[in-house]
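A.B. asks: Dumping the structure here so I can ask a few things about it.
The values are calculated or read from the model by the stated rules, or taken from the named source; none is laboratory data. Model, not experiment: these values are computed from the prediction. Here the Cβ positions follow ideal geometry from the backbone for every residue, glycine too, while neighbour counts run over all protein chains shown. Heads up: the accessible areas ignore ligands, DNA and RNA and are worked out on the full protein's heavy atoms, side chains in. Shrake-Rupley method; radii C 1.70, N 1.55, O 1.52, S 1.80 Å.
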Amino acid sequence: MGFIFVPSYKNLSLLSPVLTAASPAERSRAERSPSLRGLLPPSAQLGHEAPPGGRRSRRRPLSFSPPPAPPGLGRGSCKRQRRRQRAGPGGSCGMAPPPLLRAVIMGPPGSGKGTISARIIKHFGMKHLSSGDLLRDNMQKKTEVGILAKSYIDQGRLIPDDIMTRLMLNELKGLDQHNWLLDGFPRTVAQAEALDKECQIDTVIDLDVPFETIKCRLTARWIHPTSGRVYNLEFSPPKVQGIDDITGEPLVQRDDDKPETVTKRLQAYDAQTKPVLEYYRKKGLLKSFSGTETNKIWPHIYTFLQTKLPDVSQKDAATPR
């Protein structure tokens, strides 16, 4: 029987049995009709196996299926994948935090480490850990370490490696989530190697100040023991010689600031610290800044640190102080 195509037929679904039973020629005409093409079952579409004795159509089957998803992706996987691509190492969306800066500042006693460190803290928000401050705190509290350390300092000798290393590394445990600056540690290669085992140092700032300049600084230094205020008879003297400006209490000279002790300390520092500078120089971490005045050295250090951390202070970064 012949196939009659009725375009105006309102219920096209009724034609499906008729199309299935139609001849190949009639099915071909139906396939070319956009309104009837979707009514053909898979077994009746062109390109499928022909009945016995029939011919296989040369025309390739029409495919309207969407492309398969990449392996491993299911419903919602694309969104999850985009979130993972935007996520940082922690797995949450957003930018990964910048790596923390681990820095060391080195220089002989009296080279200006304390002043430079205070400016670094102010401008770059780093945590400051001074071996000298830590030792003085222990000596003031008369801890076991403090009493032992004082005996070495009174002789103009440096504290043994094992005592200093244990003291400093214990303090660093509380700073693992911060940028930090070590002041006065490490002073020997053994201390530097022990520090390397615990954390990776990023940069070492070396204050290269002549020893004669340091001797003049230290022997002219007097302090107010209660507050820790420091005066220098040459460039920051008290209003009344030997008297604290604020409390009116007497100033004292620390034992390690007396001329004979200063000389011993500088000689001990030179002998033990030069190998440490060479240790960090070979690692490519050492950055030296030479000069006799802290205010002239500081701008160079500031410019250098700006390449590693942003200035977090509220003052004009163009004229750091």
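A.B. asks: Kindly flag which residue pairs out of Lys113/Lys215; Lys287/Lys308; Lys264/Lys287; Lys150/Lys274; Lys197/Lys283 have an alpha-carbon separation exceeding 22 Å in this structure.
C.D. replies: Working: Lys113/Lys215 15 Å; Lys287/Lys308 13 Å; Lys264/Lys287 26 Å; Lys150/Lys274 24 Å; Lys197/Lys283 15 Å.
Among Lys113/Lys215; Lys287/Lys308; Lys264/Lys287; Lys150/Lys274; Lys197/Lys283, the Cα-Cα distance tops 22 Å for Lys264/Lys287; Lys150/Lys274.
A.B. asks: Sorted by average packing, counted as other Cβ atoms within 10 angstrom per residue and highest first, what order do 103-115, 292-304, 230-242 take?
C.D. replies: Listed from highest to lowest mean packing, they are 103-115, 292-304, 230-242.
A.B. asks: Keeping all protein chains in position, work out how much accessible area Glu260 exposes to a 1.4 Å probe, and write it in Å² to the nearest 10.
C.D. replies: 110 Å²
A.B. asks: Determine how large the accessible area of Lys283 is when every protein chain is in place; take a 1.4 Å probe and give Å² rounded to the nearest 10.
C.D. replies: Rounded to the nearest 10, that gives 110 Å².
A.B. asks: Top to bottom by accessible area (1.4 Å), largest first, where do Arg217, Arg157 land? Intermediate results must be reported in sequence, preceding the final value.
C.D. replies: Values: Arg217 35, Arg157 125 Å².
Accessible-area ranking of Arg217, Arg157, largest first: Arg157, Arg217.
A.B. asks: Students sometimes get this wrong: rank Thr307, Thr188 by accessible area, probe 1.4 Å, all chains present, largest first. All intermediate terms of the calculation are to be shown ahead of the outcome.
C.D. replies: Values: Thr307 110, Thr188 15 Å².
From most accessible down to least: Thr307, Thr188.
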